[in-house]
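Asks: Sharing a structure, written as structure tokens. Questions coming.
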Amino acid sequence: MKNIFILLLVLFSSLQASPQEGYNNVMKAYQQGNWNVLLNQCKSFSKEYPSSDFIGDISYYEGLAYFHLGDYDLANQKISAYLENYASEKFFEEAFAYKYEIAQKFEAGEKLHIFGYKRMPKWGFSDEETYAIYDEIIKTLPRHELAAKSLYRKGSLLFKGKDYKESVEVFQTLIRRFPKHPLTPDAYVEIAKVYLQQFKTNFADTDLIDLSEINLRNFYQAFPQDRRISEVQDILLSLRNRYAEEIWETADFFKRTKKTRAAVIYYKKLLATFPESEFARQIPDELSKMKKKKPSDEVITLIEELEREML
């Protein structure tokens, strides 16, 4: 019965006497939140009055109808068409606010219609579509609140996709463009997390430690009272300890294979690079054990030099 009623409303709308009356019906459906009726009213209006002065608004309201019906990819298409063909100050910022919400829906796992047609089932995901929306907002509204949010979400999405270098670049763009925005401290924290994750897959890259220290220093200078500074400090400490552990394990390997000289050299490197690490504190005991095994004079000399450095 409900479907028949909606059909009758649509048929009635096709008999509107003027664009104004048709537009009034569109607005009534919008104000009542009757999204199915709104969608059908918009389609009928577009077909009957394609040259009307109201056609821009109609295009926009059609996008909103799709949005509230959960067809987010179709909503994005219609809102994009509105911005491209009819954009006016009236709905400009609101249109991008809806686009941002659509990107959020895609991030949360909303699927897209196959080939972008309403009659086709929802099937695929599209990170590309999400990135495209964020990029559009960042480019069109470079200093707007939505741009700050889009930069943060894009950086997070890149991090999740293991595109670490670009992720850091996007977060740094957020920091430069919005130095005092509430999301900017979060960007410093995310950069620290990216460096730590990179280090896990490429521990030999000691530049990551330097970059992490720069990130922490910049964070402290910009937000000296922010509670999240301690989180970035902990991440940096974890990163340094991870590298110290790698050096320690290398030294231990040489010790176990009776390459004592090489082991001492790595202890020296560990002490010089990460003197505050838990592994550096174990070096004196290891050197003492080595000396008891009466190594060569050359190794004894190296051990004694290192012991003097630790005084």
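Asks: Please work out whether segment 244-311 counts as rounded, prolate or oblate from its C-alpha gyration tensor, where a ≥ b ≥ c are the square roots of the eigenvalues and a/c under 1.5 means rounded, while otherwise a/b larger than b/c means prolate and anything else oblate?
Replies: In terms of gyration-tensor shape, oblate.
Asks: For the Cα atoms of the chain, what angle does the longest principal axis make with the long axis of helix 19-32, in degrees from 0 to 90, nearest 10?
Replies: Tilt of helix 19-32: around 50 degrees.
Asks: Taking Cα atoms, how many degrees apart are the long axis of helix 72-85 and the longest axis of the chain, rounded to 10 and kept between 0 and 90?
Replies: In the chain, helix 72-85 runs at an angle near 70 degrees to the longest axis.
Asks: Within segment 212-239, find all residues whose amide N lies under 13 Å from a label point positioned 7 Å from the Cα of Ala272 along Cα-to-beta-carbon.
Replies: none
Asks: May I pose another question? Kindly write out, for segment 285-296 in residue order, the coupling ³J(HN,Hα) from the Karplus curve 6.51 cos²θ - 1.76 cosθ + 1.60 (θ = phi - 60°), rounded to whole Hz, with x marking Gly and Pro.
Replies: For segment 285-296, the Karplus curve yields 5, 5, 5, 4, 5, 4, 4, 5, 8, 6, x, 5 Hz.
Asks: Percent relative contact order of segment 204-265, based on C-alpha pairs within less than 8 angstrom and at least six residues apart?
Replies: Rounded, it is 25 percent for segment 204-265.
Asks: In whole Å, how far is the Cα centre of segment 207-248 from that of segment 122-175?
Replies: 24 Å
Asks: Something else: Straight-line reach from Lys78: which lysines fall under 21 Å, measuring Cα to Cα and dropping same-chain residues less than 8 apart?
Replies: Of all the lysines, those that pass the test against Lys78 - Cα under 21 Å, at least 8 places apart if same chain - are Lys28, Lys43, Lys47, Lys90, Lys99, Lys105, Lys111, Lys118, Lys122, Lys139.
Asks: Shape call for segment 128-203 from the C-alpha gyration tensor, a ≥ b ≥ c root eigenvalues: rounded (a/c under 1.5), prolate (a/b greater than b/c) or oblate?
Replies: The shape class here is oblate.
Asks: Also, quick follow-up: Convert each backbone phi in segment 263-272 into a coupling constant with the Karplus relation 6.51 cos²θ - 1.76 cosθ + 1.60 (shift: θ = phi - 60°), then list the ³J(HN,Hα) values in order as whole Hz, x for Gly and Pro.
Replies: 4, 5, 4, 6, 5, 4, 5, 5, 5, 6
Asks: Rounded to the nearest 500 deg cm²/dmol, what is the calculated helix-only ellipticity per residue at 222 nm for the chain, with -39500 (n - 2.57) per DSSP H run of length n ≥ 4?
Replies: -24000 deg cm²/dmol
Asks: With a 10 Å cut-off between alpha carbons and a GNM built on the chain, which of Leu74, Leu287, Leu157 moves the most?
Replies: Highest fluctuation among the options: Leu287.
Asks: How far apart, in nm, are the 7 Å Cα→Cβ label points at Arg176 and Asn36?
Replies: A separation of 5.1 nm, rounded to one decimal place.
Asks: Once Lys and Arg get +1 and Asp and Glu get -1 on their Cβ, which of Ile283, Ala263, Leu306 lies farthest toward the positive end of the dipole of segment 257-311?
Replies: The listed residue farthest towards the positive side: Ala263.
Asks: Using a 7 Å offset from the Cα along the Cα-to-Cβ direction at both Asp297 and Glu128, what is the distance between the two label points in nm, to one decimal?
Replies: 7.2 nm
Asks: Zone of Arg217 (label point 7 Å along Cα→Cβ, backbone N under 18 Å): which residues in segment 174-192?
Replies: Counting only backbone N, you get 176, 188-189, 191-192.
Asks: Something else: Taking 8 Å as the Cα distance limit and 6 or more residues as the minimum spacing, I'd like the relative contact order of segment 244-311 as a percentage.
Replies: For segment 244-311, the relative contact order is 30 percent.
Asks: May I ask you to derive the relative contact order of the chain, considering only C-alpha pairs under 8 Å and at least 6 residues apart, and to give it as an integer percent?
Replies: 7 percent
Just so you know, all these numbers are worked out from the coordinates, no wet-lab data involved. The shown structure was predicted, so the numbers you read here are calculated from the model rather than taken from an experiment. Cβ atoms come from the backbone with ideal geometry, glycine included; neighbour counts cover every protein chain shown.
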